[in-house]
Amino acid sequence: MNLLRAASTVSLLTLASRVTGLARELFVAATFGASAATDAFNVAFRIPNLLRRLFAEGAFSQAFVPILAESRSREGDDATRLLVDAVGTVLIWAVLATSAVGVIGAPVVVWLMASGLADFDAAVVMTRLMFPYIACMALAALSAGVLNTWKRFAVPAATPVLLNLSVIGGAWLLVPRFPAWGIPPVYALAAGVMVGGLLQSAVQVPALRRIGMMPHIGVTPAALRAAWAHPGVHRVVAKMLPALLGVSVAQLSLLINTQIASHVGVGAVSWLTFADRLMEFPTALLGVALGVVLLPQLSAAQAKNEGAAYSGLLDWGLRLVLLLALPCAAALLVFAQPMVAVVFHYGAFTARDVGQTVLALMAYGVGLLGLVGVKVLAPGFYARQDMRTPVTIAIAMLVATQLMNLVFVPRLGHAGLALSIGIAALFNALLLLIGLTRRGIYAARPGWPGFVARVVAATAVLGGGLAWAAQAVDWIALAAQPALRIALLAGALITAAVLYFGALALLGVSARQFVRKA
C-alpha cells in the first residue's frame, strides 16, 4: 500500500468534508450571524462533540486501534471479530447511559460550559436534542477503527460530509417553517445534526459487511456481561483510561475557553467557532489524514518489533507536516481577511464579524504547525500503547494555556484564547518530539537542515504573494460582487500554490521523495 496515496485519499475526502462544513457554517453565519442564537447552538453542539472526542474518536480510537491491529496481526481475523463484537457492546451501553444522563442534566452541563450565554434556555433545549448524537458517533468510531485497520480509509473519511449536508438540508427545509409552528428557527440546526449522526453510522455498514467485520452489538444485560468478560475489552479499557485523561485535558481546556468566551460578549463564541472551522481545513487535511494512516501502520510495525520502520514512518510524517503545514500557517497569518470575508461575509454576518473572526484565525495560525504536528507525534506513543507520556504533556499544556489566558484575554479578548491554544500546541508538539527522540523511538534521517531551509524559502515566496493579494483588493467592499470575490480568492490561492511548489521544485524538493510503501 502506498502511504502517500492513502494519506492523499483521506485528505481529499476530508477536503470534501471541510468544504461542506464551510458551506454549513456559511449558511449558519448568513442566516443567524454572530448572534445569541448562534452562540447557543455552537455551545450546545460543542457539548456532544466534546463527549464524542472523549468516548469515541479520541480516547477510544487511541486505545482500540493499536490493540485491534495487534490482534489481527497475531491472532487472525476470527479472534479479532470476537474482540470487535465485545468492544462494540460495551461501548454502546456506555454512551447510551451517558446520553441519558446528559439529557436529564442538560441545564447543569450548559451552565458548566458557558454560564454567560445570552440565550441560555435555547442552548439547554438544543443540548437535549443533540446529546444522543454521541451514540451514533461511538458506532461510527468503532466502524472507522476496524475499516482503517483493514486499510479501508475512504468510507470513514467521507462520512462527515453526511453530517454537514444533513444540517444544511434540515436548516434549509425547517428554518422557514419553524416560526409558523412556534419553534425557534435555530432548532432546525439541532435536528439536522441528529439526522446526520444516524446517517454517519449507517453508511459504514456495507463497508464492514464487505470485509466480514460487521459488529454484533449485544442489547441485553447478559450480552453486556459476556462482552465485559472478554480479555480484550479489559485491555482496551485499561489503555483507554489514561487516553481518556489525555483527551479530557484537551476538552477541559476547550470547556474553560468556551466559558471565558461566553463572558467576553455576544458573538465571541461564534467568532472562535467560525475561525476554528477555517482552521480545520489544514489540521484535518494534513494532521488527521496523516494520523489516520500512520496509527495502524505504526501499530503493525510495533507488533513486529520493527524499530527502524517505526522511526522511518514518523520521519516521513514529520517531513510532510513541515512541507504542507508551514505554508498553510503563513497563509492564515497574511491572508486571513480575504478568506474570512469570502467564506462568511453574507447576510447577517457583518464587516465587524469579519474583523473579529480574522483576529481569532490569525491567532490560531500561530500554532498551526504544532496542531498538525501533534497528530503525527502522538500516535508515535499511542502505537506503543504508551498513553501516559502524551497525557502528562497535555496536562502541562492545559496549565500553560490557562496561564497564557490570564495574560492574553484582558488585552486581546477572544483572540487571546486562540493565541493561547496555538502557542500551547507548538510546545506540545516540541515536547512530544523530544520524548520520542530521547527514548530512541525516533531518529531523524539525514537531510533535515537542507529540507527545512528549502521549505522556509518556498514559504517566504508564497507568503509574499498572498500578502500582496490581501492588500491589492478591498475584500470587504466586494461583498456586492460575490462571484468576483470568490474568483479572486481562488486565483490568489492557486497562484500561491503554484509559486510554492514551483519554488520547491527549483530548490530540488519533489513529491516523488514522499512516495512510501507500507
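The values are calculated or read from the model by the stated rules, or taken from the named source; none is laboratory data. Here the structure is a predicted model, which means the values were calculated and not measured. Here the Cβ is made from the backbone with ideal geometry for all residues, glycine too, and neighbour counts use every protein chain on show. SASA here: full protein model, heavy atoms, side chains in, ligands and nucleic acids out. Shrake-Rupley method; radii C 1.70, N 1.55, O 1.52, S 1.80 Å.
Annotations
- Scanning segment 314-329 for residues that are open to solvent by less than 20 Å² (accessible area, probe 1.4 Å) and touching a residue at least 60 places away in the same chain (Cβ under 8 Å), we see that the one that is nearest to Arg454 (Cα to Cα) is Leu323.
- Selected residue (only one of Ser143, Ser71, Ser115 is touching a residue at least 24 places away in the same chain (Cβ under 8 Å) and more than 30 Å from Arg384 (Cα to Cα)): Ser115
- Residue under evaluation Pro446, criteria (1) under 30 Å from Gly312 (Cα atoms); (2) open to solvent by less than 10 Å² (accessible area, probe 1.4 Å); (3) not basic (Lys, Arg), criterion not met: (2)
- Any hit, segment 471-489, residues being among the polar types (S, T, N, Q), under 28 Å from the mean Cα position of the chain (by Cα), open to solvent by 70 Å² or more (accessible area, probe 1.4 Å) and at pLDDT below 90: no
- Residue in segment 198-230 that is nearest to Arg81 (Cα to Cα), counting only those that are hydrophobic (A, V, I, L, M, F, W, C) and assigned to a loop (DSSP other than H, G, I, E, B): Met213
- Candidate set from segment 17-32 (those that are among the small types (Gly, Ala, Ser) and surrounded by fewer than 20 Cβ atoms within 10 Å (Cβ to Cβ)); member that is nearest to the chain's Cα centre (by Cα): Ala23
- Matching residues in segment 396-432 - criterion: being closer than 19 Å to Ser270 by Cβ and among the β-branched types (Val, Ile, Thr): Val409, Ile421
- Residues of segment 364-377 satisfying the condition of being open to solvent by less than 10 Å² (accessible area, probe 1.4 Å) and at pLDDT 85 or above: Gly365, Gly367, Leu368, Gly370, Val372, Gly373, Leu377
- Of everything in segment 146-159 that is modelled with pLDDT of 80 or more and in a helix (DSSP H, G or I), the residue that is surrounded by the fewest Cβ atoms within 10 Å (Cβ to Cβ) is Leu147.
- Within segment 317-431, helices (runs of 4 or more DSSP H) holding 3 or more residues that are among the hydrophobic types (A, V, I, L, M, F, W, C) and over 19 Å from the mean Cα position of the chain (by Cα): 336-344, 351-366, 388-412
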